[in-house]
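The values are calculated or read from the model by the stated rules, or taken from the named source; none is laboratory data. The structure displayed is predicted, hence computed values, not measured ones. Heads up, the Cβs are rebuilt from the backbone with ideal geometry, glycines too, and the neighbour counts pull from every protein chain shown. To get the accessible areas, we keep the full protein, side chains included, count just its heavy atoms, and leave off ligands, DNA and RNA. Shrake-Rupley method; radii C 1.70, N 1.55, O 1.52, S 1.80 Å.
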Amino acid sequence: MRDVIHGIPEPLLRSMSPQHLATYAKAMGWRRVQTDNSGIALFAHPDQDRFEQLVIPRETNLDDFSERMAEILYKLADAQQRPVTEVMHDAMLPSSDTIRFAWEGAEANAGSIGLSSSIGLIQGCQRALLAAACSVINPVKNHPRMSLAEADQLIDSTRLHHTEYGSFVIAVTCPVSAALQQQTITGEVPFARQATTVLMSSVHRLVQAVENDQVDQLCDQTAEGVVPVTANLCDAILRMQPDRNDALRISAAWAPTLPQAQPLPRMVRVRRDYIEAIATVRDRLRPQTETRTPIMVGTVESLNGTMGEDGQRRGEVALMILHEEEQIRVRVELDPAQYADADRAHMTGAIVQLEGTLSLGRRVHRISNLQRFRLLESQAT
């Protein structure tokens, strides 16, 4: 048994469902042909002038099953002029929308990226989908808390796939038939499709505004019926920013079993030089007034202070705090007494409590106007 067949891993070919492949072929316009052979499903090319067929075996235990699957995938890919790996993944889940987040550039093309960058990419994927799902329910400029039941259920049903060849690609699939609560959703379009539609439309609108120097109009847009661009979506894109790559590419492949009713962009490219403008949009869409968080709690992650002439350390400390149901890393400047408490918390794992103004940056978050910083003594040892 070969490990790779025509460039495709044999285990993936072996795991393919003939029924799913037949469903995908039909959705792509291939015409079912009646045959007396009960062991196959036969399809003719969408173009009636081309005498080309798909012969899909019904049995998966055939010795040449993997070879047959590979040949069918290449025919499907050729008909669509798409990479065979993308067609394979879409055919494995024909009832799911697939959103691909890919970095383009020298680092990604080499086949690997930094571990911290990959974490940011995955977190960004999740938050982009959450932002889109929340915007389906409540189309506002900023979602203070992205914890709506429907959005959480969409994330729970979404699957993360193996990275794909061709830059560094993360593919996530959203089953359009997932049993989600939709009490607040109107219309017959499944909630998952509404969310993926909003995601692609919003990113496209954001990029168009940056490219056409229409950021002011985008931020001031209040007309009804306009695709929402939220601060949350901008923040998700910033988390996925390609540090040492040229662009972030977001593309969509709609579930073949539910054709897209309206023309939508299938691919949007966010270039690295758009990042500053997107950060500006995010900050303008957020509430303009600074909110003081009465109580913040967290742990001390690192101590970066310096020794003063008085022989005491003071300066910057990095904390991990809980903000809007998410752990974020923040920096704060401490005086000698506060720094001593931070050092103790760092050594013992104690929890610290603080009060101040939280400012969210593109990557670095800071706490200023610090009014309180203390150990929770019950946690200290």
Using eta = 1.306 mPa s and T = 10 °C, Stokes-Einstein with Kirkwood Rh from Cα pairs puts D for the chain, in µm² s⁻¹, at 67 µm²/s
P(r) weight above 27 Å for segment 1-154, C-alpha pairs, percent: 44 percent
What are the trypsin sites (Lys or Arg not before Pro) within segment 1-57 that DSSP puts in a loop, where the Cβ has at most 11 other Cβ atoms within 10 Å? ARG2, ARG50
With Cα atoms, 0 to 90° folded angle of helix 65-80 axis to the chain main axis: 80 degrees
If R₀ is 30 angstrom, what is the calculated FRET efficiency for the pair GLN312 and LEU376, using the beta carbon separation as r and rounding to 0.05? 0.85
Long-range amide H partners of ARG32 with built H, under 5 Å: ALA44
Provide the per residue accessible area, probe 1.4 Å, for the chain, rounded to a whole number of square angstrom. 51 Å²
Computed, not fitted: 222 nm per-residue ellipticity of the chain from DSSP H runs ≥ 4 (each -39500 (n - 2.57)), nearest 500, equal to -11000 deg cm²/dmol
Taking the Cα-to-Cβ direction at MET320 and at SER118 and moving 7 Å from each Cα, how far apart do the two end points lie in nm? 1.9 nm
Expected output is a single nm value to one decimal: the length gained when fully extending between LEU62 and ALA106, i.e. 0.36 nm times separation in residues minus the C-alpha distance. What is it? 11.7 nm
If R0 = 35 Å, then ARG159 and GLU301, at their Cβ-Cβ distance, give a FRET efficiency to the nearest 0.05 of 0.65
Please compute the Cα-Cα pair-distance distribution of segment 307-365 with 10 Å bins starting at 0, giving whole percents from short to long. 19, 51, 26, 3, 0
Pop out the carbon and sulfur fraction of the accessible area of segment 62-135 as a percent, whole number, probe 1.4 Å. 52 percent
With labels modelled as points extended 7 Å from the Cα through the Cβ direction, what inter-label distance (nm, one decimal) is found for THR23 paired with VAL215? 4.4 nm
Using Cα pairs closer than 8 Å and at least 6 residues apart in sequence, work out the relative contact order for the chain, in percent. 14 percent
Averaging 1/r across every pair of distinct alpha carbons in segment 57-116 and inverting yields a Kirkwood hydrodynamic radius, in angstrom, of 14.1 Å
Check which residues have an amide H placed less than 5 Å from ILE5's amide H, if you skip close sequence neighbours. GLU10
Which ³J(HN,Hα) values in Hz, rounded to whole numbers, follow from the phi angles of segment 251-266 under the Karplus curve 6.51 cos²θ - 1.76 cosθ + 1.60, where θ = phi - 60° and Gly and Pro get x? 9, 10, 10, 6, 3, x, 6, 9, x, 6, 7, 10, x, 9, x, 8
